[in-house]
1. Being in a loop (DSSP other than H, G, I, E, B) and within 16 Å of ligand 2 (Cβ to nearest atom) is the filter here, so list the residues in segment 282-307 that pass it.
2. Considering only residues that are among the hydrophobic types (A, V, I, L, M, F, W, C) and part of a loop (DSSP other than H, G, I, E, B), which ones fall in segment 484-510?
3. Tell me whether segment 467-478 contains one or more residues that are over 26 Å from THR405 (Cβ atoms), in contact with a Cys (Cβ under 9 Å, 6 or more places away or on another chain) and crowded, with 16+ Cβ neighbours inside 10 Å.
4. Looking at (1) of a type outside the set (Gly, Ala, Ser); (2) within 16 Å of ligand 2 (Cβ to nearest atom); (3) outside any loop (DSSP other than H, G, I, E, B), can you tell me which one LEU310 breaks?
5. Find the residue count for segment 335-378, including only residues that are within 16 Å of ligand 2 (Cβ to nearest atom) and within 21 Å of ASP399 (Cα to Cα).
6. For the structure I just gave you, tell me whether LYS230 is more than 16 Å from ligand 1 (Cβ to nearest atom) and either touching a residue at least 60 places away in the same chain (Cβ under 8 Å) or farther than 27 Å from VAL108 by Cα (or both).
7. Only one of ALA95, ALA85 is without any contact (Cβ under 8 Å) to a residue 12 or more places away in the chain, surrounded by fewer than 20 Cβ atoms within 10 Å (Cβ to Cβ) and in a helix (DSSP H, G or I). Can you tell me which?
8. Inspect all residues belonging to segment 437-452 and state whether any of them is of a type in the set (Val, Ile, Thr), at pLDDT 95 or above, surrounded by fewer than 18 Cβ atoms within 10 Å (Cβ to Cβ) and touching a strand residue (DSSP E or B) at 6+ places or on another chain (Cβ under 7 Å).
Amino acid sequence: MRMRWAGPVIGVVAGAVAIGVAQLFAGLLNPRAFPVIAVGDTVIDLTPAQIKDWAIATFGVYDKVVLLGGIAVLLTGFAALIGAAARRKAGYGLAGVGLFAAVGIAAVLARPDTALFDVLPTVFGGIAGAVALLVLLRRADPRHAPARPGPEEILSGAEPAPAPEAESMIVPDRRRLLTGLAVGVGVAGVAGALGRAISGRMEVGEARTALTLPKPTVPLAPLPAGVDFKVPGLSPFVTPNKDFYRIDTALFVPQVSPSDWRLRIHGLVDRPVELTLDDLMRRKLVEADVTLCCVSNEVGGPLIGNARWLGVPMADVLRDVGIQAGADMLLSRSADGWTCGPPVDVVMDGRNALFAIGMNGEALPVDHGFPVRQVVPGLYGYVSATKWVVDIKVTRFADDQGYWTPRGWSAKGPVKTQSRIDVPKLGEKVKAGKVTVAGVAWAQHRGIEAVEVRIDQGSWHQARLAEVPGLDTWRQWSYDWDATRGRHRIEVRATDKEGHTQPEERTPVAPDGATGWHGVIVEVV
Ligand SMILES: Nc1nc2c(c(=O)[nH]1)N[C@H]1C(S)=C(S)[C@@H](COP(=O)(O)O)O[C@H]1N2
Ligand SMILES: [Mo]
């Protein structure tokens, strides 16, 4: 009857109380001061690039779910250990809670968007966890069990006063402990749920819904009818916002209220400015069809999407502030401290590089950078597409680096010409006869000139190309294949309008984007 399980369970429940209370205070004070998220974000920043690349490659857009699951497992394990140690000696437990809180505090303070005040949720959580630990330990300790007269004592009327040596004979009060644990779970659950609810109200979803997007100063012509072959399984030309891939280092999506948003532009400029959203929306607004893709996209991968963006040309704003001679990089920073540095000449060369506020006819979704993000056609997202952008330092590649550069990725990231087979899918069984092979190809800002398909390494056949509104989007292609029974390998390659054909050689995504031809093997029956 030593209740060996009690220590670990007490640890886990005390840990839950700590986290629930921390969440409650984070909800009241600042959702970003929730230590679990701060630790997760710090882990992401400290994780070696290869592991991050592997996580994106393996889990794709679910990488964060996996990370959060991993953190939950680790936290539970540590809490169980602390509880087990605490049952030997309460001091060990308190030291463990202290260590926990210290890690949380360090992570909160290490976030770029927190202040000293933001350690309070962790401190209160730590105190609540320590109290819960001590109370539960006491309840698990037979010496503190309430006096329960034994049969002889009832007979003799003696006071129950167990001698210390007799400890093992004393039955710990299981029910008292279980009640304590249940109360602990309840406190953790209620505090956590309340904290989440309050943080939720501080989120900007409502402000986003309330924001009326201005009309573009120069409306863009509707998309030509021929942009979309509408082949089942083929990526639609316009990616619906809800299906648009999401990649960023933020576990807790920055909640930037439109009324608080400011864009500060400084550094090597003649006239530094700080713009509000109204300032931005009063400027000339344009629409642009631009395909955004991630440098971490493997050949044939899903990390690409196409949207009609509404925004202010970055070049217009930057011309007003006056970029000084010698500046060659725009180090832009998000509300949560992520940075990237597109080259000045690319942003200023007349392409549709935008401070975007709208995506496919709605305000930017919060996950995609509300209220303002950058979109630069022709550059991978990691060097150009800052979401929740709040600051631009006009600088030089010689002096500054974006987030991913010291992590093993190239400082400059022009998009490589690529193509993907969407249908048939890898391993699909198709019927012999006419089979539509279709997919997308992209070489943003250069444009796709041709797409070729080959079967079983035979000769290349020209695919039919869909229409495009300009050079900055992907282009659908399709090829009618007369399929014969058996296993066949279909491959695709694209040529851009500069005459560059995708090389066959496969290279990894790091440091500047994968190369190679996408191929699928299908079964024709
Ligand atoms: N603030 C911020 N912006 C960011 C990132 C980020 O981690 N933080 N990731 C970039 C990368 S790597 C890509 S591919 C695009 C993805 O944009 P999306 O999530 O809207 O598809 O955002 C870019 N902008
Ligand atoms: Mo990316």
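The values are calculated or read from the model by the stated rules, or taken from the named source; none is laboratory data. Bear in mind the structure is a predicted one, so any value in this text is a computation, not a measurement. When we count neighbours, we look across all protein chains shown, and the Cβ atoms used for this are built from the backbone with ideal geometry, even at glycine.
1. Going through segment 282-307, the residues in a loop (DSSP other than H, G, I, E, B) turn out to be 282-285, 294-303.
Answer for segment 282-307, where residues must be in a loop (DSSP other than H, G, I, E, B) and within 16 Å of ligand 2 (Cβ to nearest atom): CYS294, VAL295, SER296, ASN297, GLU298, VAL299, GLY301, PRO302, LEU303.
2. Result: VAL509, ALA510.
3. The answer is yes, given that some residue of segment 467-478 is over 26 Å from THR405 (Cβ atoms), in contact with a Cys (Cβ under 9 Å, 6 or more places away or on another chain) and crowded, with 16+ Cβ neighbours inside 10 Å.
4. Against the list (1) of a type outside the set (Gly, Ala, Ser); (2) within 16 Å of ligand 2 (Cβ to nearest atom); (3) outside any loop (DSSP other than H, G, I, E, B), LEU310 comes up short only on (2).
5. 5
6. Values: more than 16 Å from ligand 1 (Cβ to nearest atom): yes; either touching a residue at least 60 places away in the same chain (Cβ under 8 Å) or farther than 27 Å from VAL108 by Cα (or both): yes.
So LYS230 passes the test.
7. ALA95
8. From segment 437-452, those of a type in the set (Val, Ile, Thr) are 437, 440, 448, 451; that's our starting set.
Now restrict to residues that are at pLDDT 95 or above: 437, 440, 448, 451.
When the remaining residues are screened for being surrounded by fewer than 18 Cβ atoms within 10 Å (Cβ to Cβ), the result is none.
Looking for residues that are of a type in the set (Val, Ile, Thr), at pLDDT 95 or above, surrounded by fewer than 18 Cβ atoms within 10 Å (Cβ to Cβ) and touching a strand residue (DSSP E or B) at 6+ places or on another chain (Cβ under 7 Å), one finds none in segment 437-452, hence no.
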